[in-house]
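Report on the following structure.
The values are calculated or read from the model by the stated rules, or taken from the named source; none is laboratory data. None of the values given here were measured: they were computed from a predicted structure. Glycine gets a Cβ as well: all are built from the backbone with ideal geometry, and neighbour counts include every protein chain shown.
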Amino acid sequence: MENDYKVKLEVFEGPLDLLLYLIKKDELDIYDIPIGRITSQYLEYMQVLKLLDLDVAGDFVVMAANLIYIKSRSLLPADQQPPEETAEEEDPRWELVRQLIEYKKFKDAAERLGQRALEQANLFGRLRDKQEFIPERPLGEVSIFDLINAFNGVVKRVNAREDVREIFGEHFSVSDKIDALLKMTATGVALAFSELFADAATRVEIVVTFLALLELIRLKQLRAMQPEEFGEIHIERV
Amino acid sequence: MELKQILEALVFASQKPLSAREICSLLRSAPADTEAAAFSKVKEAEIAALLEQIKIEYIEGGRGFQLAEQASGWQLVTDPRAAPWVRLLYPEARPTRLSGPALETLAIIAYRQPITRADIEAVRGVAVDGVVQSLLDRNLIRIAGRAEIPGRPLLYETTQYFLEHFGLKNLDEMPNCEELRRVALPKAEAPPAPPPQAAAETSP
């Protein structure tokens with residue numbers, strides 16, 4: 001990948017957000033998390049973040065270690081469990097579950113507060129001097145995890161493709177792909193996420209295209225919408 | 001002139017929300033020998049009750065505006081259903097946006113204030129420096145002092161503007177308030193200790 005244009009994407013969502021996202025996506029029971037499955041999915045996302053060279057906070061790594069620890073503990077027979085300070089807690093997942101549940105309550109409350117701000121922004125007083133802002137994600141707009149999830153799907157498809165193609169020297173840069181994406185969306189018609197990668201032949205090209213997409217979303221040139229939860233993502237001009 | 005009409009005139013003319021208390025002291029401030037002194041003995045509760053009446057009259061009258069009580073008092077505002085048309089009048093007033101993480105950080109502060117940054121991070125499981133700074137810049141939170149624990153970290157709390165922005169009369173009006181103020185939350189450890197499995201690897 002050429003480094004002429006370095007994308008610095010700050011991920012403000014944390015590991016707990018990712019876990020809640022995975023739980024919701026697969027409609028898992030938060031009180032009975034299949035730890036093996038969630039751990040491998042989590043690590044898969046970490047791989048993608050690494051592939052993209054995104055600035056992954058150390059918190060993600062700590063949570064990965066924690067998940068692996070819980071998973072390994074759950075594999076031990078009951079009489080070989082390491083002693084815990086809180087002896088009444090039999091299930092090694094419990095601490096994490098409790099943290100997720102408490103955090104989810106705040107997330108839900110934040111969503112409802114955001115709704116209130118939206119309603120409030122519809123009231124106009126006699127003197128309009130105050131600065132107003134509404135929650136960033138209107139209905140249907142996607143989170144970073146939705147995008148990474150879709151990206152992961154595209155990468156997998158390319159990896160699975162058996163056909164042999166002749167590859168010439170690769171000269172993709174993020175700035176080239178930014179231009180290409182802007183051209184593709186210039187008509188104002190929304191494109192399906194996968195269409196953006198239809199011509200991409202290699203993994204590198206896909207990664208570069210995706211970074212260009214993230215950058216354009218950050219610059220508020222493009223918008224990613226998902227009409228149905230966990231459905232196909234559409235990309236359109238803002 | 002009836003008191004109710006006067007109250008209506010006051011909220012109409014005012015450039016900022018008026019609380020019943022403010023109106024009460026305003027009426028008391030009228031010089032004794034003037035016409036304005038006629039209502040100088042009125043009680044705050046009576047004012048509040050009449051404002052409430054006006055609010056209901058507007059609703060029943062099907063007006064395009066309403067009398068709304070918010071954190072800092074009573075204010076005439078447009079009917080929210082008229083918003084798409086009122087926006088035509090103020091096309092430049094594009095709302096700035098608050099991101100999901102910012103909103104969540106703000107919610108944690110609002111329910112658990114005053115709170116240190118480390119304790120916010122313990123709940124969210126991710127660093128919040130940038131987010132806290134943008135909330136400070138937007139005047140939604142402010143520094144409430146320092147916690148009397150090692151390092152004396154800064155404490156954060158929400159502002160009056162926070163209430164106005166979210167259309168709350170007070171903090172008790174926040175959704176699911178009772179529970180979220182009470183629940184036991186993970187606390188930041190001081191000094192920050194690595195998780196047990198990491199400690200085992202790094203200890204000499």
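Just a few scattered comments:
Here's the yes/no breakdown for (1) in contact with a His (Cβ under 9 Å, 6 or more places away or on another chain); (2) more than 8 Å from chain A (Cβ to nearest Cβ); (3) charged (D, E, K, R); (4) surrounded by 17 or more Cβ atoms within 10 Å (Cβ to Cβ):
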| residue | (1), (2), (3), (4) |
| --- | --- |
| B:115 | no, yes, no, yes |
| B:124 | no, no, yes, yes |
| B:130 | no, no, no, no |
| B:141 | no, yes, no, yes |
| B:147 | no, yes, no, yes |
| B:155 | no, yes, no, yes |
| B:163 | no, yes, no, yes |
| B:166 | no, no, no, yes |
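- Taken over segment B:36-79, the residue count meeting the criterion of being modelled with pLDDT under 90 and more than 15 Å from residue B:7 (Cα to Cα) is 3.
- Only one of A:186, A:201, A:212, A:180 that is assigned to a loop (DSSP other than H, G, I, E, B) and at pLDDT 85 or above: A:186
- When we screen A:223, A:203 for residues that are assigned by TED's automatic domain parsing to the domain that holds residue A:160 and closer than 26 Å to residue A:23 by Cα, the only hit is A:223.
- Only one of the numbered conditions (1) of a type outside the set (A, V, I, L, M); (2) in contact with an Asp or Glu (Cβ under 9 Å, 6 or more places away or on another chain); (3) crowded, with 16+ Cβ neighbours inside 10 Å is not met by residue A:175, and that is (3).
- Residue list for segment B:149-185, restricted to those being assigned to a strand (DSSP E or B) and over 22 Å from residue A:102 (Cα atoms): B:154
- Complete set of residues in segment A:106-128 that are within 7 Å of another protein chain (Cβ to nearest Cβ), surrounded by fewer than 17 Cβ atoms within 10 Å (Cβ to Cβ) and either among the aromatic types (Phe, Trp, Tyr) or closer than 21 Å to residue B:107 by Cβ (or both): A:112, A:119
- The residue that is farthest from residue B:77 (Cα to Cα), counting only those in segment B:13-64 that are of a type in the set (S, T, N, Q) and in contact with a Lys or Arg (Cβ under 9 Å, 6 or more places away or on another chain), is B:40.
- Condition met for residue B:75 (of a type outside the set (Ser, Thr, Tyr), within 14 Å of chain A (Cβ to nearest Cβ), on the phi < 0 side of the Ramachandran plot and outside any loop (DSSP other than H, G, I, E, B)): yes
Residues are listed down the side, and each one gets a yes or a no for (1) on the phi < 0 side of the Ramachandran plot; (2) under 19 Å from the mean Cα position of the chain (by Cα):
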| residue | (1), (2) |
| --- | --- |
| A:181 | yes, no |
| A:188 | no, no |
| A:191 | yes, no |
| A:194 | yes, yes |
| A:200 | yes, no |
| A:204 | yes, no |
| A:224 | yes, yes |
| A:230 | no, yes |
| A:238 | yes, no |
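- When we screen A:78, A:109 for residues that are more than 17 Å from the chain's Cα centre (by Cα), at pLDDT 90 or above and over 19 Å from residue A:142 (Cβ atoms), the only hit is A:109.
- From the options A:96, A:28, residue that is part of a helix (DSSP H, G or I), modelled with pLDDT under 90 and surrounded by 13 or more Cβ atoms within 10 Å (Cβ to Cβ): A:96
- Residue satisfying all of: in segment B:148-183; out of contact with any helix residue (DSSP H, G or I) (no Cβ under 8 Å at 6 or more places or on another chain) and aliphatic (A, V, I, L, M); modelled with the lowest pLDDT among these: B:149
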